[in-house]
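Contents: one structure, followed by commentary.
A short reminder: the numbers here are calculations on the coordinates, not readings from a lab. Everything numeric here is computed off the predicted structure, so don't read it as measured data. Virtual Cβ from ideal backbone geometry, glycine too; neighbours counted across all protein chains shown.
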Amino acid sequence: MNALIQTQQRDTIFEIIFNRPDKRNAINWAMMTALDAAFDEAEKAVGVRAVIIRGEGTGFSAGIDVTSFIESSSHFGDNWRENLFPLTAAYQAVTNKIERCSLPTIALLHGYCLGLGFEIALACDFRIAAVGTRMGLPETRLGIIPDVGGTTRLTRLVGAARSKEYVMTGKNIDFEAAERWGLLNRVVTVEDLLGAGEALVAEIAQAAPLAVQYTKRVIDGMIDVERGLQLEGWAQSILIRTQDFEAGIEAMLTKQPPQWKGK
Ligand code: COA
């Protein structure tokens, strides 16, 4: 089976696997809707204590499929760029679903975890990374901002000053620093990554399922992400129409430095 998202239940673990390794697990809209459906499946599965999300191939995910902007018209109408709000809301709804999943969620990161891939990891309860994983939100280097909850959730996790440094520059976050800040729960070798995820599920499974579920709701409920998500959508609705966004995409695809115009 070569579905873009694979799912499997192994005892108490429900696994969701990005399965587009030839495109470095770059996420297009079809993959995003499959991810959404995978979480519905996880909620219905019997005997599950946690969800593990991981990537097939050399990394977790290279972020949004930048070529998929072309196909936006067929899903969000010819006017999608002039009225970005429905598109942003549709993408945000998927990361919100991940955050609101009644089961604990663990992202296992290796290789690279960039842009939308990192936003998905930030919506999970726990992140475990392999040594050397390149993590970050490079959107500002494309002339846009992380608008699928990344700006809001990174700020929630590491504080405003660190979040501004990494979102404004778009540079990668050092995984050792990320562990110190609590952004990563653990850093392990790539060989130990799956085992570390399974060990965490085994620990969680010793606690009562409902107590775990309510703990998640209480801790997430203490911080309101809704206002941040609305602000992300507002900012992106402006940035998506700029010439700088076109220059950023062109630069990424051609691997050349962008020529910013400031408009
Ligand atoms: N969107 C669309 N296609 C992507 C992609 C993305 N975000 N990231 C990688 N790909 C595609 C490449 O175009 C290439 O396709 P091709 O084989 O048809 O030419 C294929 O995946 C392999 O990419 P390549 O760059 O050769 O792989 P690599 O192993 O050398 O590097 C990465 C992997 C993740 C470091 C690199 O692909 C990368 O930096 N990607 C862009 C990350 C990014 O800026 N994401 C956007 C965030 S907003």
Per residue Cα convex hull volume for segment 21-131, in cubic angstrom? 101
Cα pair distances in segment 180-263, grouped into 5 Å bins until the bin that holds the longest one, percent each: 3, 10, 10, 11, 11, 11, 13, 13, 10, 6, 2, 0
Provide Rg and Dmax in Å for segment 1-66, with only Cα atoms included in the calculation. 11.8, 38
Would you kindly state how much longer the chain becomes between residue 46 and residue 227 on full extension, computed as 0.36 nm times their sequence separation minus their alpha carbon distance, in nm to one decimal? 61.7 nm
Could you give the spread of the C-alpha atoms of segment 221-263 along their three principal axes, from largest to smallest, in whole angstroms? 43, 20, 12
Cα-based Rg of segment 82-185 normalised by 2.2 N^0.38 Å, two decimals: 1.03
So residue 74 and residue 36, fully extended at 0.36 nm per residue minus their Cα-Cα distance, gain in nm 11.8 nm
Under a GNM of the chain (C-alpha, springs under 10 Å), which listed residue has the highest mean-square fluctuation: 135, 252, 31? 252
Report ³J(HN,Hα) in whole Hz for each residue of segment 79-96, in order, from the Karplus equation J = 6.51 cos²θ - 1.76 cosθ + 1.60 where θ = phi - 60°; Gly and Pro get x. 8, 4, 6, 6, 10, 7, 4, x, 5, 4, 4, 5, 5, 4, 4, 6, 5, 5
Between 139, 191, 43, find the one with the highest GNM mean-square fluctuation for the chain; connect C-alpha pairs within less than 10 Å. 191
Student exercise, the chain dipole from Lys, Arg, Asp, Glu Cβ charges, in Debye to nearest 20: 480
Restricted to Cα positions, what overall size does segment 164-204 have along the principal axes? Three whole-Å values, descending. 38, 21, 14
Choose one answer from 183, 157, 210: the residue with the largest mean-square fluctuation in a GNM of the chain with alpha-carbon springs under 10 Å. 210
Quick one: of the DSSP bridges fully inside the chain, what percent are antiparallel, nearest 5? 30
Sorted by chain and then number, the residues having a modelled amide H within less than 5 Å of the amide H of residue 53, at least 5 places away or on another chain, are 16, 106, 107, 108
Between 0 and 90 degrees, rounded to the nearest ten: what's the tilt of helix 193-204 against the longest Cα principal axis of the chain? 60
Quotient of Cα radius of gyration and Kirkwood radius for segment 5-220, i.e. Rg/Rh, equals 0.95
When the gyration tensor of segment 115-254 is built from Cα positions, what are the square roots of 5 times its three eigenvalues, in whole Å, from largest to smallest? 30, 20, 12
Return the long-range amide H neighbours of residue 13 (sequence gap of 5 or more, or a different chain), with a cut-off of under 5 Å between placed amide H atoms. 49
